[in-house]
Amino acid sequence: MSVECKRCLYNSSHPLGLTIDEEGICSGCRVHEEKDRLDWNARFNELKILTSKYKSKSNYYDCIVPVTGGRDSHFILHTVVNKLKMKPLVVAYNKYFNTQTGIDNLSNLRIKFNVDFQLKNVDPRVVKKITRTSL
């Protein structure tokens, strides 16, 4: 039997496997609560310490950053390039149903952050499988 969350009304049969606790609140809402209690400055300092060991002493890349071209991609690259001062190799794969806006966003990432960018053409059957699995 499916149970609904008292806050967001998602139910326990949600595809992401949400669980409902004894107070009737789903795991998604509980994770959202946690964001308000975190010390984001301390977390960022932990990230700086963690990533500092991967900074290259040569001209090679410090990390690989997968992107989709969405807002999250811009935020992540801003953090990696401008705040962590790292040199990423940015990668994306061709989903074969890209919109012009999506293509423009990927181009903008390359230009705005002055990063090397790899776009991979993956077997369309693999793309279908990834898409089906992620939904």
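Yes/no per residue for (1) in contact (Cβ under 8 Å) with a residue 40 or more places away in the chain; (2) part of a loop (DSSP other than H, G, I, E, B); (3) open to solvent by 70 Å² or more (accessible area, probe 1.4 Å):
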| site | (1), (2), (3) |
| --- | --- |
| V81 | no, no, no |
| V91 | no, no, no |
| F97 | no, yes, yes |
| I103 | no, no, yes |
| L106 | no, no, no |
| L109 | yes, no, no |
| V126 | no, no, no |
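Within this structure, N82 passes the test of being modelled with pLDDT of 95 or more, at negative phi and of a type outside the set (V, I, T). Being farther than 24 Å from L119 by Cα, assigned to a loop (DSSP other than H, G, I, E, B) and modelled with pLDDT under 95 is the requirement here; does H14 meet it? Yes; evaluated as a whole, the condition is true for this residue.
Taking residues in region 23-50 that are polar (S, T, N, Q), and partners anywhere that are surrounded by fewer than 10 Cβ atoms within 10 Å (Cβ to Cβ), the pairs with Cβ atoms closer than 9 Å and at least 6 places apart or on different chains are S27/L16; S27/G17. Looking at S2, S56, can you tell me which residue is closer than 30 Å to L135 by Cα and surrounded by fewer than 12 Cβ atoms within 10 Å (Cβ to Cβ)? Among S2, S56, only S2 is closer than 30 Å to L135 by Cα and surrounded by fewer than 12 Cβ atoms within 10 Å (Cβ to Cβ).
Just to check your reading of the model, which residue among R30, R71, R43 is farther than 30 Å from L119 by Cβ, basic (K, R) and open to solvent by 70 Å² or more (accessible area, probe 1.4 Å)? Of the residues listed, the single one that is farther than 30 Å from L119 by Cβ, basic (K, R) and open to solvent by 70 Å² or more (accessible area, probe 1.4 Å) is R43. Among the residues making up region 27-67, a single one is closer than 30 Å to C5 by Cβ, among the charged types (D, E, K, R) and assigned to a loop (DSSP other than H, G, I, E, B): D39.
The values are calculated or read from the model by the stated rules, or taken from the named source; none is laboratory data. On a predicted model such as this, the values are computed, not experimentally measured, just so you know. Here the Cβ is made from the backbone with ideal geometry for all residues, glycine too, and neighbour counts use every protein chain on show. Calculation scope for accessible area: heavy atoms of the full protein, side chains included, ligands and nucleic acids excluded. Shrake-Rupley method; radii C 1.70, N 1.55, O 1.52, S 1.80 Å.
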